[in-house]
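The values are calculated or read from the model by the stated rules, or taken from the named source; none is laboratory data. What you are looking at is a predicted structure, and each value in this text was computed from that prediction instead of being measured. Methodologically, a virtual Cβ is constructed for each residue, glycine included, from the backbone with ideal geometry; neighbour enumeration extends over all protein chains shown. To get the accessible areas, we keep the full protein, side chains included, count just its heavy atoms, and leave off ligands, DNA and RNA. Shrake-Rupley method; radii C 1.70, N 1.55, O 1.52, S 1.80 Å.
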Amino acid sequence: MDNTFSTYKIDDRSLIAFIKREIHNLALQIGFTPHRAAETDIIVAELTSNLIKYANGGELLYRAHVEDEQNQIEIYCLDNGIGFENVAKIMNDGYSSSNTLGHGLGSIKRLSNDFQIYSMKNWGCVQYVKICEKPDFQLPPLKTGLNYTTIAVNYPGEIFCGDGYYVKHSNKGFQIFVGDGLGHGENANEAAQLAIKIFRQTITLDPAEILREIHSKVKKTRGLVATIASVDYKAEVWTVCGIGNINTRIYNGLENKTYTPYNGILGHNIPRTLNNTIVPYKKHQIIIMHSDGLRTRWNLNDMTSIFKHNPGIIAASLLKENIRGTDDATILAGKIN
């Protein structure tokens, strides 16, 4: 299963039946029972009809995914409507108001395995739904350390994503790779995927040295830009190094710092000297890494109470506001628990 999300702009009611059918068929394809697929239909119908009725349209992102040994469908629903302030109130079954997303959110919550909403008045809304093949599957508790979500979408019209990401865990810590093959399409995808293969196989822990290794082995590809952020649990530090325009930002509470990568292109030209940036690793930090498919002039502090939400809501909220729509776009949001 592809890790990228399929996306649809929804501005007309005529699209709803088509999208419902496409997600229904996807659900059956990955092993959902006909009954579970029908419950998925109800969720999709509620999300999409609310987009038309209350937000004058929006965007639906969805993918099939395997996590915790469960086949699942993940959906993000993004809109720029009037938004609302009392999320808990509108989640109750039967609550409806001409100024809200209206009736049915309670049924989405009941039929899904996870349902999250973030909204601000006059900003719009981000909704996240996880539908597992087993309706009674209980999501495991959050693990200590990095909990992350990544949203990747293709350049409009492309079937290959030129961005790539991978997270490696060990007893000593973890390493995050986010890369962007030059341009978009199949050749960009080839460069990003080869870099990921090298990243997965290397035994080197030093981000600068890993980037050098990738550089030497992707020279026959189109090339890519990439950043690696590594954590050593014992030393309690982040080690960060990047080449090219992957944006990396770490939040400590309301304070944040952006880590500037080196100029260059892996596979073509990189600086002779590469130095890692060392940063303290602490609980409750938030790390954001994204490709240049998103604008960089954003600040989580502008979003009321966003820090208490899960990484998926954070990533989708930034995507909603900052996606350029002219390239592949990938954003990874992680929280340290």
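With everything on Cα atoms, drop me the angle between helix 34-55 and the longest principal axis of the chain, reported from 0 to 90° to the nearest 10.
Rounded to the nearest ten degrees, it is 90.
Once you keep just the Cα pairs under 8 angstrom separated by 6 or more residues, what percentage relative contact order results for the chain?
Once divided by the residue count of the chain, the mean separation gives 15 percent.
Please return the longest stretch of the chain lacking exposed loop sites, where GluC sites (Glu not before Pro) count only if DSSP places them in a loop and at most 12 other Cβ atoms lie within 10 Å.
86-235
Among residues other than Tyr262 whose Cβ falls under 12 Å from its Cβ, what is the net charge (Lys/Arg +1, Asp/Glu -1)?
+2
Mind pulling the angle between the C-alpha long axis of helix 311-322 and the longest principal axis of the chain? Nearest 10 degrees, somewhere in 0 to 90.
With rounding to tens, the tilt is 90 degrees.
Working from Cα positions, state the angle (0 to 90°, nearest 10) between the long axis of helix 14-29 and the longest principal axis of the chain.
70
Apply the Karplus curve 6.51 cos²θ - 1.76 cosθ + 1.60, θ = phi - 60°, to the phi angles in segment 255-272 and return the couplings in whole Hz, x for Gly and Pro.
Going residue by residue, I get 7, 8, 9, 9, 9, 7, x, 6, 6, x, 9, 5, x, 10, 8, 9, x, 5 Hz, with x marking Gly and Pro.
For the chain, max minus min Cα coordinate along each principal axis, in Å, sorted largest first?
Taking the Cα atoms of the chain, the three principal extents are 62, 39, 34 Å.
Percent relative contact order of segment 128-185, based on C-alpha pairs within less than 8 angstrom and at least six residues apart?
Taking the mean separation of contacting Cα pairs over the length of segment 128-185, I get 26 percent.
How about segment 141-196: which trypsin sites (Lys or Arg not before Pro) there lie in a loop by DSSP and see at most 15 other Cβ atoms within 10 Å?
Values: sites: Lys143, Lys168, Lys172; in loops: Lys143, Lys172.
Those satisfying the criteria are Lys143, Lys172.
Average the reciprocal distances over every distinct pair of alpha-carbons in segment 1-48, invert the result, and give the Kirkwood radius in Å.
It is 11.4 Å.
Quantify, in whole percent, the carbon and sulfur part of the accessible surface of segment 237-337 (1.4 Å probe; protein heavy atoms only).
47
So which lysines can Lys282 reach, going by Cα to Cα under 24 Å and dropping same-chain residues fewer than 8 places off?
Leaving aside lysines fewer than 8 places away in the same chain, those within reach of Lys282 are Lys143, Lys168, Lys172, Lys234, Lys257, Lys308, Lys335.
Can you spot the lysines whose alpha carbon is less than 18 Å from Lys217's alpha carbon? Ignore those fewer than 8 places along the same chain.
Lys197
Roll a 1.4 Å probe over the protein chains and send me the accessible area per residue for the chain in Å².
For the chain, the per-residue accessible area is 46 Å².
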